[in-house]
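The values are calculated or read from the model by the stated rules, or taken from the named source; none is laboratory data. Everything numeric in this text was worked out from a predicted model, so none of it was measured. What goes into the accessible areas is simple: the full protein's heavy atoms, side chains included, and nothing from ligands, DNA or RNA. Shrake-Rupley method; radii C 1.70, N 1.55, O 1.52, S 1.80 Å.
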Amino acid sequence: QVQLVESGGGLVQPGGSLRLSCAASGSIFSINAMGWYRQAPGKQRELVARITSGSSTNYADSVKGRFTISRDNAKNTVFLQMNSLKPEDTAVYYCKAEIVTVYGGSVVRRDYWGQGTQVTVSS
């Protein structure tokens, strides 16, 4: 079984910072891209940032210059450093990982999601 466990959410004032972490565990052969998504009340889930296994990154326009995604491949962990937070960043943040497992001699690649962590930006 593979699972993703997120941490680091919370309440922060506008202009503040938070650092999210997401650790993958289980019978993992390899991890391709990892990413962070968010979903605000009444809105669709959207991509925030994504990082490939080679550390290429892409960001939503709304967070460019404020958020930084990184990963520690040895620990199967992805991070999201969020600076200069705004009220409109308030959402549940989810991590996603494209994970390769080997089961019964077959290579299986699928997406896994974390349970989500709440980020609230408010004074």
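The portion of the accessible surface of the chain made up by carbon and sulfur, rounded to a whole percent, is 46 (1.4 Å probe; DNA, RNA and ligands excluded). With every protein chain in place and a 1.4 angstrom probe, the accessible-area ranking of Thr52, Thr57, largest first, reads Thr57, Thr52.
Applied to the stretch 87-93, the Karplus parametrisation 6.51 cos²θ - 1.76 cosθ + 1.60 on θ = phi - 60° returns per-residue 3J(HN,Hα) values of x, 6, 7, 4, 4, 8, 9 Hz, with x for Gly and Pro. Among Ala49, Ala74, Ala97, whose mean-square fluctuation peaks in a Gaussian network model of the chain (Cα, cutoff 10 Å)? In this elastic network of the chain, the residue with the biggest mean-square fluctuation among Ala49, Ala74, Ala97 is Ala74. Remind me, relative contact order of the chain in percent, using alpha carbon pairs under 8 angstrom and six or more residues apart? With pairs under 8 Å counted, the relative contact order is 35 percent. Sorting Lys64, Lys96, Lys86 by solvent-accessible area of protein heavy atoms yields Lys64, Lys86, Lys96, largest first, with a 1.4 Å probe.
Converting phi to 3J(HN,Hα) with the Karplus coefficients 6.51, -1.76 and 1.60 and the offset θ = phi - 60°, the stretch 18-34 yields 9, 10, 9, 10, 9, 10, 9, 9, x, 7, 9, 8, 7, 10, 8, 6, 10 Hz in sequence order, with x at every glycine or proline. Amide H to amide H, with H built 1.01 Å from N, Leu85 comes under 5 Å of Gly15, Gly16, counting only residues 5 or more places away or on other chains. Heavy-atom accessible surface of Arg38, to the nearest 10 Å², is about 20 Å², with a 1.4 Å probe and all protein chains retained.
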